[in-house]
């Protein structure tokens, strides 16, 4: 039966088409079908209401040393 | 009509954080029923019942549902789907496997990675690697969606819902579980960690990555990596943070030797505080970092470990 397999990005090297095969492919017949030929309905069911840019992050500050970084994290941000 | 939330269960353990955060996301849609599938999941079902916002836990006690096999679990979900208008789950590997199959069987589309539920038909989701946020309205009769949990605050465990046993069609017979190969770690899980220390290409080698792990252990943090570091073999696949990896939003994210490619930022820019350590002061990571330290990581990280 037909199977769909999704794979990890680094599974292997993709098989690229070789030039002779690209040339051969040009000679193959192309058959055009419409979704209706397969009894599939393709009316969109999702409407895009709006697309906005997400709220950006403001660049913070540069610290000069590890000591300053630890001090900022401990006292200003309170995360360590 | 109620919402069916498909809970991540693995070997009888509930992914509580993911479920609790998804609950927070769908709170406005009404009554929520949580589906806990898998034999031996009594404890997981009881735990789900305690989360506030859950009005009922459906527990399917069958071995067919134990190993997250999408074919069997999707059949169970479809069986239950009749009385629900929304079917959802956290956008985890488990639900990314199960819910698209559920949607296909119901002949509806799946709305993936929703970051906000606006009303019963309208959702917000990131597109173009998080560079834009799209608001979409679905006209499907049933909405199947996954929730990107990173930005939600987990529902607390003060509820007391009833647990109801449900039967499903059992093993779909299309796939069988062979084995799980688990990466075990004493560190917190990446997507729910409060602190994450990540290393990038700048770390230079697999051996030097020990430095990143050392800092992570000092901070009690999870370890992340950029795609460059994973591709170079410095860190395992499941540590990858970014568009094609995990999306995280910890309290503190420390990016070390990471330049800050947009694909990486897509996975961590919702973090509360971002610290970047990089020797290149032009690195784009400094544009999103709250605190940037321009320094050689091989000097700065050991100093940081020593002083913390």
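The values are calculated or read from the model by the stated rules, or taken from the named source; none is laboratory data. Remember, predicted model here, so these are calculated numbers, not experimental data. Neighbour counts are summed over all protein chains in view; Cβ atoms, including those assigned to glycine, are modelled from backbone coordinates with ideal geometry.
In the list A:42, A:79, which residue meets the criterion of being within 14 Å of chain B (Cβ to nearest Cβ), within 30 Å of residue B:279 (Cα to Cα) and touching a helix residue (DSSP H, G or I) at 6+ places or on another chain (Cβ under 9 Å)?
A:79
Select from region B:292-308 the residues that are over 15 Å from residue B:198 (Cβ atoms) and within 8 Å of chain A (Cβ to nearest Cβ) and list them in ascending order.
Answer for region B:292-308, where residues must be over 15 Å from residue B:198 (Cβ atoms) and within 8 Å of chain A (Cβ to nearest Cβ): B:294, B:295, B:303, B:307, B:308.
Take the conditions free of Cβ contacts under 8 Å to residues at least 60 places away in the same chain, outside any loop (DSSP other than H, G, I, E, B) and in contact with a helix residue (DSSP H, G or I) (Cβ under 9 Å, 6 or more places away or on another chain) and apply them to residue B:146. Does it pass?
It is true that residue B:146 is free of Cβ contacts under 8 Å to residues at least 60 places away in the same chain, outside any loop (DSSP other than H, G, I, E, B) and in contact with a helix residue (DSSP H, G or I) (Cβ under 9 Å, 6 or more places away or on another chain).
Output the number of the condition that residue B:61 fails; it satisfies all remaining conditions of (1) within 30 Å of residue A:42 (Cβ to Cβ); (2) in contact (Cβ under 8 Å) with a residue 40 or more places away in the chain.
With (1) within 30 Å of residue A:42 (Cβ to Cβ); (2) in contact (Cβ under 8 Å) with a residue 40 or more places away in the chain applied to residue B:61, the lone miss is (1).
How many of the residues making up region B:38-69 are in contact with a strand residue (DSSP E or B) (Cβ under 8 Å, 6 or more places away or on another chain), outside any helix (DSSP H, G or I) and closer than 27 Å to residue B:121 by Cβ?
Selection size over region B:38-69: 7.
Pick from region A:3-21 the residues that are under 15 Å from the mean Cα position of the chain (by Cα) and exposed (fewer than 10 other Cβ atoms within 10 Å of the Cβ): which of them is modelled with the lowest pLDDT?
A:8
Please find, among A:36, A:74, the residue that is in a helix (DSSP H, G or I) and more than 12 Å from chain B (Cβ to nearest Cβ).
On inspection, the qualifying residue turns out to be A:36.
Residues B:68, B:89: which one is buried (at least 19 other Cβ atoms within 10 Å of the Cβ), under 22 Å from the mean Cα position of the chain (by Cα) and more than 29 Å from residue A:49 (Cα to Cα)?
So the residue among B:68, B:89 that is buried (at least 19 other Cβ atoms within 10 Å of the Cβ), under 22 Å from the mean Cα position of the chain (by Cα) and more than 29 Å from residue A:49 (Cα to Cα) is B:68.
Could you look through region B:271-291, keep only residues that are surrounded by fewer than 21 Cβ atoms within 10 Å (Cβ to Cβ) and more than 8 Å from chain A (Cβ to nearest Cβ), and pick out the one that is nearest to the chain's Cα centre (by Cα)?
B:284
If I filter region B:139-164 down to residues being over 21 Å from the mean Cα position of the chain (by Cα) and within 16 Å of residue B:7 (Cβ to Cβ), which single residue comes out as surrounded by the most Cβ atoms within 10 Å (Cβ to Cβ)?
B:161
Give region B:101-129 a look and list any residue that's surrounded by fewer than 19 Cβ atoms within 10 Å (Cβ to Cβ) and free of Cβ contacts under 8 Å to residues at least 24 places away in the same chain, or say none.
Once the filter is applied, which keeps residues that are surrounded by fewer than 19 Cβ atoms within 10 Å (Cβ to Cβ) and free of Cβ contacts under 8 Å to residues at least 24 places away in the same chain, region B:101-129 yields B:104, B:107, B:118, B:121, B:122, B:127, B:128.
Here is a check on your reading of the model: is residue B:136 surrounded by 15 or more Cβ atoms within 10 Å (Cβ to Cβ), in a strand (DSSP E or B) and over 23 Å from the mean Cα position of the chain (by Cα)?
no
Examine region A:30-44 for a residue that is on the phi < 0 side of the Ramachandran plot and in contact with a strand residue (DSSP E or B) (Cβ under 8 Å, 6 or more places away or on another chain), and state whether such a residue exists.
no
Could you tell me how many of the residues in region B:209-256 are under 13 Å from the mean Cα position of the chain (by Cα) and either in contact (Cβ under 8 Å) with a residue 24 or more places away in the chain or crowded, with 24+ Cβ neighbours inside 10 Å (or both)?
The total comes to 11.
Which one of A:59, A:17, A:25 is touching a helix residue (DSSP H, G or I) at 6+ places or on another chain (Cβ under 8 Å) and away from chain B (no Cβ under 14 Å)?
A:17
Check residue B:57 against each of (1) surrounded by fewer than 23 Cβ atoms within 10 Å (Cβ to Cβ); (2) modelled with pLDDT of 95 or more and name the one condition it does not meet.
(1)
Here's a check for you: in region B:186-210, which residue that is out of contact with any strand residue (DSSP E or B) (no Cβ under 8 Å at 6 or more places or on another chain) and assigned to a helix (DSSP H, G or I) is farthest from residue B:276 (Cα to Cα)?
Of everything passing the filter in region B:186-210, B:192 is farthest from residue B:276 (Cα to Cα).
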